[in-house]
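Quick note: the coordinates plus some simple rules give every number you see, no bench work behind them. These numbers were taken from a predicted model, which means no experiment stands behind them. Backbone-built Cβ (ideal geometry, glycine too); neighbour counts: all protein chains shown.
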Amino acid sequence: MPVIFKHPVRRPGLARIGRMLDGHLPAAGQRIGLLGGSFNPAHDGHLAISEEALRRLDLDEIWWLVSPQNPLKSADEMAPQAMRAERAAVQVGTPKIRVTMLEREFGTAYTAETLQLLVARFPRVRFVWLMGADNLIQIDRWQDWHKIFNTMAIAIFDRPTYSLRALASKAARHFARFRKRESELKRFADSAPPAWVFLHNRLNAQSSTAMRAAEERAPTRVRSADCIPDADKD
């Protein structure tokens, strides 16, 4: 069964946040994409979205927010957060993508809480929430999902078989008049929320769920030979 954590939300100071970001606090005016998920494990699809966002949205950095536990998913098959973050860091090949466990330090269980805390801590940074089309379909099940749209601009990336359902979803219909055109991307991070864009990109069908299933089918000696610790909100 899904587990919902009710830890009190903490508000660490900038010095502590800086340590969590390897000493690199964002500067005023920077454009930073946020990709949240369980990363259980991280895969090429996460990397493809991130690289596409850096290029097309003119972002300075992307932070992967490795969640302690997705409230909508079971904890039974979830690897420890530190292991998922370590494996995600192995996947990344550019300093412009930072793997973080900020939500653990914030004590936040829900995306809306995390995003509001980041905006409060860094009011002069231009954040963009990044997610796949599959999440747009079910974002109305997320806690305080309206607040997510009203906190920062959102870039949604096409995923195989999800496009039509995503654009017909409850959230897409509710915020339809705030949708931006793909031709407006270069300054998209400066958009005042609510603002969202649906990006048609080269599709990547890889998913964390499929990867875990493949690992389960593989011989034990092959899985253990990876020598890579495990990490999803797909």
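Here are some notes:
- Here the peptides 94-105, 43-54 are ranked by packing, the mean other Cβ count within 10 Å, and the order with the highest first is 43-54, 94-105.
- Placing a pseudo-label 7 Å from each Cα along the Cα-to-Cβ vector at ARG141 and ARG124 gives an inter-label distance of 4.1 nm.
- Shape call, the range 143-188: gyration tensor on alpha carbons, a/c limit 1.5: oblate
- The protection proxy used here, the mean number of other Cβ atoms lying within 10 Å of each residue, ranks peptides 166-176, 147-157, 56-66 as follows, highest first: 147-157, 56-66, 166-176.
- Fully extending the segment from ALA27 to SER163 would add 45.5 nm, taking 0.36 nm per residue of separation and subtracting the current Cα-Cα distance.
- For the range 68-167, the Kirkwood hydrodynamic radius from C-alpha pairs, put into Stokes-Einstein at 20 °C and a viscosity of 1.002 mPa s, yields a diffusion coefficient of 140 µm² per second.
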